Amino acid sequence: MRRFQHYIAGQFADGEARFESLDPATGAAWAEMPEAREADVNSAVEAAHSALYDGPWARMTASERGRLLYRLADLVAENAPVLAELETRDTGKIIRETSAQIAYVASYYRYYAGLADKIEGSFLPIDKPDMDVWLRREPVGVVAMIVPWNSQLFLSAVKIGPALAAGCTLVLKASEDGPAPLLEFARLVKEAGFPEGVVNILTGFGASCGAALTRHPKVAHIAFTGGPEAARRVVANSADNLASTSLELGGKSPFIVFADADLTSAVNAQVAGIFAATGQSCVAGSRLIIERPVKDEFLARLKAKAEAIRIGSPLDMATEVGPLATRRQQEHVDRLVQASVSAGARLVTGGVKPEGPGNYYPPTILDCDGISSLSLTEEFFGPVLSVQSFETEAEALRLANDTRYGLASGVFTQNLARAHRFSRQIRAGVVWLNTYRAVSPIAPFGGYGLSGHGREGGLSAVLDYTRTKTVWLTT
Ligand code: NAD
């Protein structure tokens, strides 16, 4: 069985305890993971704190930091096959998707490498002739980063890249459900030449490791991605220390299709929008809101595509949908589907949990027209699409905004004015018009409402890892 280690203060070490990681495709234990508890967390935060104030990192120029990030980006790209395979092995995310995503991960590090020496202070034109006042931009401090199991290399890159560009140091907690890719990534951090303590990577459980990290008095900022429940505990833990937080949480994103849309492109985008990553995606377009005259045709085309999806081993390049990451997640998805069917949802396809060892669940479509059901309000984080139809634009907008979340949204229409109206009126951090799931390091990303606050990506993300210091000088 493979054994992984933590990376703390520039050293690889076993954790205070260990736990087994299960292969989502077979249910068999395949690797042993280190488990950090309070002592490991304390060592990691202390290491990050001394690296921030006392080590060579504190004296490094911005362009030197950028060069290290460029090196890291190259190493990620060179090691893409290993990283992709580990992510697939440990989380069940299909190899086709993990391989493609690593290229993105490298591009995020490259983007932030380029920004490291573009963080500028400013000079203030105050009305005192004998005084100069300026603002310095300094790193916010030691950052605690916490990520969920899906896309860990990507979700950590959007935090690590800007934080290091800004000069912060960090402790990253990989999810207990599939930490292998991030523990391996730590080797690349070391090889890139970051001084010891600048980046510390460990894993452990939320209630112990996560709580110790978010309560730690030397943590200045917490960058959290996960669900709203854990987020509430993170915010409560941060209160003691008054650390700032940025929260990237779940979603129940509307995917709105008008009768005038290019239906072929809308069907394809909807299939990828909900079934990619086996639905374990915060931006999953999980609520189809479709104009009534085209509902039957659209659903028939969706059903045919959903039933043609190749389900299989995540390590097989031909597989299109793999297992869910954990047995717990498979049971959660099935429970919600059965509750929705009991509440009157009509199963268009799927909805039957397969017998057998892996955590598989078939692509599922629930017609929820005319009912109120959990499937319209709760995040499945699985391959389940809920469908509602509308007659007027106002009704489509009302249904789209009928959620406590507000992460992403998609609108398919040929009517340009309507597309603009929706981009203003939808309450979500991202609006995709006639496309879905487009991302770029340059474009900020984040949510409204229960989907969290703070933005990742873009230049503003770097500034969020800095704070200003006002300096006054009598001349
Ligand atoms: P989760 O909230 O249960 O866990 C996420 C992380 O938080 C894990 O590392 C976990 O160990 C940690 N954690 C749990 N309790 C904690 C505590 N008390 N203190 C500190 N850390 C704690 O989420 P999950 O079930 O692993 O992931 C799925 C969720 O993540 C979904 O809601 C999904 O939408 C969301 N997500 C959001 C984004 C985004 O960018 N907005 C991206 C991916 C996933």
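One table, with the values for the structure above:
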read-out: Residue in the stretch 351-359 that is within 26 Å of Val147 (Cα to Cα) and outside any helix (DSSP H, G or I) present; value: yes
read-out: Test set (1) within 16 Å of the ligand (Cβ to nearest atom); (2) free of Cβ contacts under 8 Å to residues at least 24 places away in the same chain; (3) crowded, with 16+ Cβ neighbours inside 10 Å; (4) not acidic (Asp, Glu) - Gly382 fails condition number; value: (2)
read-out: Failed item, numbered, when Ala343 is tested on (1) under 30 Å from Leu83 (Cα atoms); (2) over 27 Å from the mean Cα position of the chain (by Cα); value: (1)
read-out: Test: Val411 is buried (at least 21 other Cβ atoms within 10 Å of the Cβ), more than 15 Å from the ligand (Cβ to nearest atom) and either closer than 22 Å to Ala144 by Cβ or modelled with pLDDT under 95 (or both); value: no
read-out: Hey, Val140 among the aliphatic types (A, V, I, L, M), within 16 Å of the ligand (Cβ to nearest atom) and within 30 Å of Arg37 (Cβ to Cβ) or not; value: no
read-out: Conditions (1) touching a Gly at 6+ places or on another chain (Cβ under 8 Å); (2) surrounded by fewer than 18 Cβ atoms within 10 Å (Cβ to Cβ); (3) closer than 23 Å to Asp262 by Cα; number of the one not met by Ala318; value: (3)
read-out: Ala276 in the same structural domain as Gly356 (by the TED database), surrounded by 20 or more Cβ atoms within 10 Å (Cβ to Cβ) and within 16 Å of the ligand (Cβ to nearest atom); value: yes
read-out: Gly161, sole failed condition from (1) small (Gly, Ala, Ser); (2) outside any helix (DSSP H, G or I); (3) within 16 Å of the ligand (Cβ to nearest atom); value: (2)
read-out: Test: residue in the stretch 433-449 that is over 23 Å from Asn268 (Cα atoms), within 15 Å of the ligand (Cβ to nearest atom) and assigned to a helix (DSSP H, G or I); value: yes
read-out: Of all residues in the stretch 385-398 being buried (at least 17 other Cβ atoms within 10 Å of the Cβ) and not aromatic (Phe, Trp, Tyr), the one that is nearest to Lys353 (Cα to Cα); value: Leu385
read-out: Neighbours by Cβ (under 7 Å, 6+ apart or cross-chain): first from the stretch 138-152, in contact (Cβ under 8 Å) with a residue 12 or more places away in the chain; second near the ligand (Cβ under 10 Å from one of its atoms) and among the acidic types (Asp, Glu); value: Trp149/Asp177
read-out: Helices (runs of 4 or more DSSP H) contained in the stretch 28-102 and holding at least 1 residues of a type in the set (Lys, Arg) and buried (at least 19 other Cβ atoms within 10 Å of the Cβ); value: 62-78, 80-91
read-out: Cβ pairs under 6 Å, 6+ apart, first in the stretch 216-243 and under 19 Å from Leu155 (Cα atoms), second near the ligand (Cβ under 9 Å from one of its atoms) and of a type in the set (D, E, K, R); value: Thr225/Glu248
read-out: Flag for Ala419 being among the aliphatic types (A, V, I, L, M), out of contact with any Cys (no Cβ under 8 Å at 6 or more places or on another chain) and assigned to a loop (DSSP other than H, G, I, E, B); value: no
read-out: Flag for Leu263 being over 18 Å from the mean Cα position of the chain (by Cα) and without any contact (Cβ under 8 Å) to a residue 24 or more places away in the chain; value: no
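The values are calculated or read from the model by the stated rules, or taken from the named source; none is laboratory data. Every value quoted in this text rests on a predicted model; they were computed, and no experiment measured them. With ideal geometry, Cβ positions are generated from the backbone for all residues, glycine too; neighbour counts draw on all protein chains shown.
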